[in-house]
1. If we count other beta carbons within 10 Å of each Cβ, what is the order of A:130, A:123, fewest first?
2. Taking the label point as lying 7 angstrom from Cα along the Cα-to-Cβ axis, what are the distances from residue B:125 to the corresponding position in the remaining copies, in ascending order and in nanometres?
3. If you find the alpha carbon centre of the range B:162-176 and of the range A:158-196, how far apart are they in angstrom?
4. Once the Cβ-Cβ distance between residue A:40 and residue B:140 is put in as r, and R0 is 56 Å, what FRET efficiency do you end up with, to the nearest 0.05?
5. Considering the alpha-carbon set of the range A:100-162 alone, what are its Rg and its Dmax in angstrom?
6. Relative to the other copies, what are the label-point distances for residue A:114, with labels 7 Å from Cα along the C-beta vector, expressed in nm at one decimal and sorted shortest first?
7. To the nearest whole number, what is the average tally of beta carbon atoms from other chains within 10 Å of the beta carbons of peptide A:124-133?
8. Based only on other Cβ atoms within 10 Å, what is the fewest-to-most ordering of B:64, B:85?
């Protein structure tokens, strides 16, 4: 028998409202938390050195209370000039952005900013290994998508007016990651694939 | 004939008191400003993509005034886990810190923090190109000093108790930079030298 509240309406469990919490290996983590934990794991196991860059802040006012730490009393978020993550893996420079969508059939291009596209182009020009970690939240699917393809999609969109990349294209041109317990997002598998297929330099 | 003030004392030009302003190509710039300008120059001329990381901030309180930008009302400076600069140059991962001293015969090790030494060791383990841009303010001399030597000096200091690296050693083991008009700090010359002498990987 359903439980009824005194007002006569049936009880309903409240919907989860935390917007970015996704399941990785059964634990509730945001994409950023899962990547930070993956970066920690890669660092501890000496596989790669990758950090998320701090959010850039414009500081306007700082107080220096006696005998204690400086306190920032007025500051503003600035637009980053680059992507969020970079680091080094077996001599390769890695540079990536992490984005997610609730869409089921395509990934909206509005997730990216012009300065990020430009930064990817700059880094590719120096033979960096550049990509996006794309999460389809509803589908629970995760891809490494090459920055070179993203730049092509972005430029094509200027003429075609398309506002997203189809899942079909992402499956064809990207590398699907299988979330694990540790690291929760094993993106180095996608990096190995990128190095083999895209990067025209050898470290040996 | 020397100029005398009415009190009979000879005129003396006042000492420059701005602590970090050093001359690069005749303009007053801090080491950070000179490096940022050099990074801009290298980016615009497609030679390298290097940025200073934002200062990490612990945000405690944010206000969202109506119809305007979010305002950070309480925040604190955090200790960075890494070095200040990283990026990519011809497929190589670059990672460096910039430090200066007013000493004339040695560079104090207290300019470096244990987490920076550890970070350098991590990045060297992944074949990154890691170094310090060292400025002797009074001598107006500028060096690229390899992180591998810094780590050796740091470890030796644990037993010898030495608190600094002699200028003699820095001249022998580092690479002296000649400040220019553009870029003010041409550190890629030191990077080329490091790649030739230290890095056991080839990109060709």
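Each value in this text was obtained by applying a stated rule to the coordinates, not by laboratory testing. Just so you know, these numbers come straight off a predicted model, no measurement behind them. Cβ: placed from backbone, ideal geometry, glycine included. Neighbour counts: every protein chain shown.
1. Listed from fewest to most nearby Cβ atoms, that is A:123, A:130.
2. Sorted ascending, the copy-to-copy spacings read 3.4 nm.
3. Cα centroid of the range B:162-176 versus Cα centroid of the range A:158-196: 46 Å apart.
4. So, using R0 = 56 Å, E works out to roughly 0.85.
5. Values for the range A:100-162 (Cα only, Rg and Dmax): 12.2, 36 Å.
6. Relative to the other copies, residue A:114 has label-point distances of 4.7 nm.
7. What the average comes to for A:124-133 is 4.
8. Details: B:64 8, B:85 21.
Lowest to highest Cβ neighbour count: B:64, B:85.
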